[in-house]
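Reviewing the structure listed below.
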Amino acid sequence: MGLATNIEKWDMSTAIGMATEGVRSSYNQGAGGGGFGAADREIASRIDGAKVLAAIDRMGKQAIHLADWSMFAYASPYWNGEQNRERFFNHVLHDWVMSWACKGVYIQERTFNRVKAMLPVIAGGLALEQTTSADISEWTVVGQKLKQELQYQPTASKALLIRALVEQDCRDKGEDSEAFQKKRQRYYQNHWSDWSQHVETIRSQLIQYDRLARKMFKVTIEN
């Protein structure tokens, strides 16, 4: 049982947010201000936050990629070190390559580098969706009227992903002219189905990571 908050009953994302954003937040009503009681409550909140982080550390000893995803997705901005971020991305890429290898498809270096360029957008978009939810509606033109339909709209949009691919091409070729960028943008728009399958594979991996991480966190924080 937490000293200031009932963290064992909290959702993993909320608990990590509390632990990494500091104690002066809406999670800790009554913290701050004057008096010895307020000071005691703030200290207790810090201890609760430390318990959450300790649980993540224990998760990392069993499945480092789940601990890395949890912190990448739910910790406050700038909390994660660059080394942890790179380790997490490398694990995702490894799982992605192996998933295709199991189907008899071997990823070429060119494809690997471009998917790697999209990965921060894919992972960052899914992390936002987990905390704020994705847009599930779209306006379409039917005759002369606008009609709203239910359709999943990922935060990591096609446009953002193509932008990441074009930027990777610019780095590879040492060319960043507007003409070159438009040419590559048209190419990816016309061949998007070749890349969208990789985007969906990685999204599925990350969703599975999240499910497993939540289960492991619940068990770990209660023990």
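The values are calculated or read from the model by the stated rules, or taken from the named source; none is laboratory data. Everything numeric here is computed off the predicted structure, so don't read it as measured data. Cβ coordinates were reconstructed from backbone atoms using ideal geometry, including for glycine residues, and neighbour counts include every protein chain displayed. Protein only, heavy atoms only, side chains kept; ligands, DNA and RNA dropped before computing areas. Shrake-Rupley method; radii C 1.70, N 1.55, O 1.52, S 1.80 Å.
Of note:
- Computed label-point distance, nm, for sites residue 105 and residue 90 using a 7 Å Cα→Cβ extension: 2.6
- Integer Hz, Karplus 6.51/-1.76/1.60 couplings in order for the stretch 63-68, x for Gly and Pro: 8, 4, 5, 6, 5, 5
- Protein heavy-atom accessible surface, 1.4 Å probe, per residue over the stretch 169-223: 64 Å².
- Relative packing of 98-111, 70-83, which averages over residues the other C-beta atoms within 10 Å, highest first: 70-83, 98-111
- Using a simple spin-label model with pseudo-atoms 7 Å out from Cα toward Cβ, residue 185 and residue 112 lie 3.0 nm apart.
- Ranked order, 53, 206, 128 - accessible area, probe 1.4 Å, largest first: 128, 53, 206
- Measuring with a 1.4 angstrom probe and ignoring ligands and nucleic acids, residue 85 comes out at about 80 Å² accessible.
- Our estimate of slack between residue 204 and residue 223, defined as 0.36 nm per intervening residue step minus the Cα-Cα distance, is 3.9 nm.
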